[in-house]
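Okay, structure first, notes after.
We did not get these values from a lab; they are worked out from the coordinates using the rules stated. Nothing here was measured: the structure is a model prediction, and the numbers come from that model. So basically every Cβ, Gly included, is an ideal-geometry build from the backbone, and we count neighbours across all protein chains shown.
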Amino acid sequence: MGAEFAVNAETDLAQVSPAASMNAAGEFAITWVSDHRLLIDPDNDSEKSIFVQWYDATGTATGDEQLVHTIIKDFEAQEYPDVALDDKGDMIIVWQSILQDGSAWGVFGRQLRADKTPVQPAEFQINQTTAENQRRATVVSDPDGNFTVSWQSDLQDQSATAIVSRQYNADGTPETDEMVVNTWELGPQILPVMAMTPAGDFGVFWNGQGDRRVEGVHGRIFEEGFVPPEPHIHVEPIGDQWLVGEASSLAQSFPAVGVFESTGNYVAAWTSFEQADGDTSGLGVYAQLYAPDGTPLVDPFLVNTGYTTDDQTNPTVAVAADGTFLVAWQSQGEDGDGDGIF
């Protein structure tokens, strides 16, 4: 493992909100938000812009960082990008853009080939519903480049905010219309994350309230074409439903998910507050493994076993080709000075 390295070539003002994706060959791409590029690029008048940088399997940058979108108007902003890289090295980048869909925030995307040429002449709109806000988009792709995008949408169902997904073919043509993923409509459903198997099946996970006014982590698994295999998955721990056992009176949040490519099994991690059978000092990080249909394979287990003082939160998950997986998180006070990464 090498030393950390700077991704952004330009260092004026803030470079924030990074997202990364790696394919089976070890090639990877990193995308991020760059503030006020007008200071160094007179042609870019956007308040916030999306950039991307490619890397080969050795970690060497291949060329210069590149602006992803074409809209660069005054006071426009593009935020919270995500990226998915296929086995050819082609990628799809998605983000939220203000006022571009004629309403408030909307979800846009653009495909870029491995040689850095764009597939589309300009970014394309992903959300079909434009009323209110559509934002916090996330994307996954299969090895051939077929991809699925999920986002949160205000007032699209009876809840304050719904989780919506849409599937695309590798050439960028829509395979489906957008579809509301959540079936529970009590309270806001927000901050989706996803994982996809090589066959194109995918799981969507998010924060929501379910049929109780307690924040929990929810999920749903789909086969390609939005066919939900049984059982329907709900991570909020109510009755015989999935993920966090007897912790139904407590809050669970910050979901992260990975998929085992050889089996199609999923691993989910989340944060739980003062869970009696684990970390009772505040927030702790838990995880659980699931079969492709969402059936739990093991009981939920505490991840931060070595240090449970104060809060451990914001987990992220990565799964290796050999089936091992990594959970990383931020921990309060463990490194002796504020929050550290473990």
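So how far apart, in nm, are the two label points at ALA24 and ALA131 if each is 7 Å from Cα heading toward Cβ? Modelled inter-label distance: 4.5 nm.
One decimal place: the segment THR280-ARG113 gains 55.3 nm when fully extended, by the rule 0.36 nm per residue minus the C-alpha distance.
Of all the options ARG113, ARG135, ARG220, the one that moves most in a Gaussian network model of the chain with Cα springs shorter than 10 angstrom is ARG113. Segment ASP299..ALA160, full-extension length gain: 46.9 nm, with 0.36 nm per residue of separation and the alpha-carbon distance subtracted. In the range 74-97, whose amide N lies under 19 Å from the spot 7 Å out along Cα-to-Cβ of ALA318? List them in ranges. Label zone hits: 82-87, 89. Neighbours of ASP87, meaning other residues whose beta-carbon lies under 10 angstrom from its beta-carbon, give a summed charge of -4 when Lys and Arg score +1 and Asp and Glu score -1. Each peptide in 18-25, 157-164 gets a packing score, the mean of other Cβ atoms within 10 Å over its residues, and the list from highest to lowest is 157-164, 18-25. Report the normalised scattering of the chain as log10 I(q)/I(0) at q = 0.06, 0.07, 0.10 Å⁻¹, calculated by the Debye formula with identical scatterers on the alpha carbons. Cα-only, vacuum Debye calculation for the chain: -0.21, -0.28, -0.60. Compared with the direct C-alpha span, the chain from LEU99 to ALA122 gains 6.7 nm at full extension, assuming 0.36 nm per residue. Once the C-beta distance of VAL180 and SER17 is scaled by a Förster radius of 22 Å, the resulting FRET efficiency is 0.30 to the nearest 0.05. Using the beta-carbon distance between ASP335 and ALA6 and R0 = 22 Å, what value does 1/(1 + (r/R0)^6) give for FRET efficiency, to the nearest 0.05? It comes out at approximately 0.45.
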